[in-house]
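The values are calculated or read from the model by the stated rules, or taken from the named source; none is laboratory data. Since this is a predicted model, take the numbers as computed values, not measurements. Heads up, the Cβs are rebuilt from the backbone with ideal geometry, glycines too, and the neighbour counts pull from every protein chain shown. Remember, those area values only see protein heavy atoms, side chains included, never the ligands or the DNA or RNA. Shrake-Rupley method; radii C 1.70, N 1.55, O 1.52, S 1.80 Å.
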Amino acid sequence: MTYETKNSGFFHALVKHSASLLIVTDTAGIYKYVSNTTEKLTGYRSEELLGKALMEHIHNDDLRAMMDVFLQLDAMDEVEAPLFRFRKKDGSWRWMEATIINGTEDGHINGYVINAKDVTQKQEELLSLEKGRVFYNSVYQSHPDAVFTLTPEGSFENINPNFSRMLSYNNPEVVGEHISKFLAPSFTYESLIAMNKAKNFESSSLEGKVIDKHGRVKTLYFTFVPIYTNRKVVGILGVAKDVSAEKSAQRELEKLSLIAGKAMSSVVITDAHGRIEWVNSEFTRVTGYNIHEAVGKKYGELLQGPETAPGTVQEINRLYQNQESLSVEVLNYRKSGEKFWSYTDFTPIVNDEGQVSQYFAVQFDITERKEAEDKMRLLSDDLTRQNRELLQFNYIVSHNLRSPVANIVGLVSLLEKLDKESENYQKVVDRILQTSLGLDTVMKDLDEILSVHDREGGESQEVVCLKPVCDEVTGSLQDKMEALGATAQVEIPADVCIKANRAYVYSIFHNLISNSLKYSSLERAPAVTVTYAREESQHVIRLQDNGVGIDLKRHGDRLFKLYGKLEKRTEGRGLGLYMVKAQVESLGGSIEVESTPGVGTTFFIRFNIEQK
């Protein structure tokens, strides 16, 4: 069948089965005809497009170019339209390429014939390829390390700016040269092995030395990656990071570690956040932790314990936060749980960027010094206390002794002048006897006070359980309690015991309970309660009464002083509470008082619990 004999059915079938989109518009761009492939390619049926404007389906960014194409048709018979996007019925966009023919002179057409083809897949592949190329170039040019490409044989094809900055060679000086030209001889063999791996589709990383344009040796960390297509290696991508500074710092650290390892003090190296990276053998000897147990742990977590001062812990934490140096005395704990004092000096190590990368800590064991300081402090406190007591003795000597002695001397002088048979002679003798008895009482008081201090060294100490002693005291005062209608309740566990002089414990309870009876209120029957509590590492004995109470604002400063008697009308010399305090302190304890006038008084006695 010749061209002339082909009927319209042939051409209709040809258009129907075409992979292209065939459109006819009038000169205003209004659809006059669309081929049957339109619905397959765009989703629109023919009747949905006819009478509509073509430009309604063109992407806004492509409208100007398409309008220019239609303008060109006024002077041209055929125009290749630039790529444009056509909106499908579902709202998505398809890339099209098209040829537009001016058929306005053809009476059968009288419009523009557009032969369009969907090239979306091809265009997206091109865009993806371009995006990849731009991304690759961007990474290649902006990478902080030296990036380069080699031929499979090892010759340079391209280098990035950082390669030039690192080795001081420009592009023409490098491209075309073999990589071995720039390597230190000791690294040539290893680099050739790495490139052979790349030619066999295998990536590799290794460290080696290069020589820059000025002859300086630098240490770089290389990564070689094969570039291949269709299972054929067409090149090698290389990335090199300058690690010269790190290697130099590592060598210095190794030297420092060697020196520190032989040091007589404990040495610790931590990272910038305080995690231990290395310790020397002296650290292990002092703390009991070996390097494997210490590495990875924070310095404070490893050594600090319940009695480490919170303020010191905060200081060390601020050290890492503020990246500064610090010298501090701190109570630490060995692996065994034993406490020890250390003086630790933390020094920051700064890298090339000016940032703290590590800390170098030197730790000195100052336990002996701290113990000596504690002993000195206790000695100073003891001397201060003894000085106060000497002032009290001075008062006794100057007032309680001097006065009766002076009286006796005066009375004896007077006695020499009197007739033995006279009435006045006997009166003087009686006065001498009375004064001598008073002097004897003072001497006994002094002897009792001195006896306490003579035994403060811990002589005659034994394990004394408190409840039996307290019960013995209340039993000895039973007659007096019955006369007053008093009650005494002792609530101390039977197993509460201290190491003490039993006579002192008895004297303490006896003085306090007898005082409670002596200063009982006339308005109510006397009641004394003795209770016990344990507070942390101390025994606490609480002795409470409902007596007349004490005005502590008026009398608190002289309550425990020698001859500090508050109530002149009652019997006694004001020696009891002084003796109680002296005896409690001689046993390593302390005593405090709370009182409300008209309500009663409570004494709190504290003794340290003996560590087993």
Which residues, counting only those in region 506-529, are within 16 Å of residue 584 (Cα to Cα) and touching a residue at least 60 places away in the same chain (Cβ under 8 Å)?
507, 508, 511, 512
Keeping to region 60-69, report how many residues are in contact with a helix residue (DSSP H, G or I) (Cβ under 9 Å, 6 or more places away or on another chain) and open to solvent by 20 Å² or more (accessible area, probe 1.4 Å).
2
Of all residues in region 77-124, count the ones that are of a type in the set (S, T, N, Q), touching a residue at least 12 places away in the same chain (Cβ under 8 Å) and open to solvent by 70 Å² or more (accessible area, probe 1.4 Å).
2
Looking at residue 228, is it part of a strand (DSSP E or B), at pLDDT below 90, in contact with a Gly (Cβ under 9 Å, 6 or more places away or on another chain) and surrounded by 12 or more Cβ atoms within 10 Å (Cβ to Cβ)?
yes
Quick one: which of 12, 57 is modelled with pLDDT under 80 and surrounded by 11 or more Cβ atoms within 10 Å (Cβ to Cβ)?
12
What's the total number of residues in region 243-270 that are modelled with pLDDT of 85 or more and surrounded by fewer than 16 Cβ atoms within 10 Å (Cβ to Cβ)?
1
Looking at region 569-612 only, could you name the residues that are assigned to a loop (DSSP other than H, G, I, E, B), within 48 Å of the chain's Cα centre (by Cα) and either modelled with pLDDT under 80 or basic (Lys, Arg) (or both)?
610, 611, 612
When you check residue 554 against the structure, is it open to solvent by 20 Å² or more (accessible area, probe 1.4 Å), over 27 Å from residue 588 (Cα atoms), of a type outside the set (Ser, Thr, Tyr) and in a helix (DSSP H, G or I), yes or no?
yes
Filter region 166-206 for residues that are touching a residue at least 40 places away in the same chain (Cβ under 8 Å) and not in a helix (DSSP H, G or I); the one that is surrounded by the most Cβ atoms within 10 Å (Cβ to Cβ) is 169
Only one of these is open to solvent by less than 80 Å² (accessible area, probe 1.4 Å), among the aromatic types (Phe, Trp, Tyr) and in contact with a helix residue (DSSP H, G or I) (Cβ under 7 Å, 6 or more places away or on another chain): 289, 320. Name it.
289
Under 9 Å between Cβ atoms, which residue pairs at least 6 apart in sequence (or on different chains) link something in region 477-497 that is loosely packed, with under 11 Cβ neighbours inside 10 Å with a partner that is in a helix (DSSP H, G or I)?
494/467; 494/468; 495/467
Candidates 545, 557, filtered to the one that is among the acidic types (Asp, Glu) and within 19 Å of residue 582 (Cα to Cα)
557
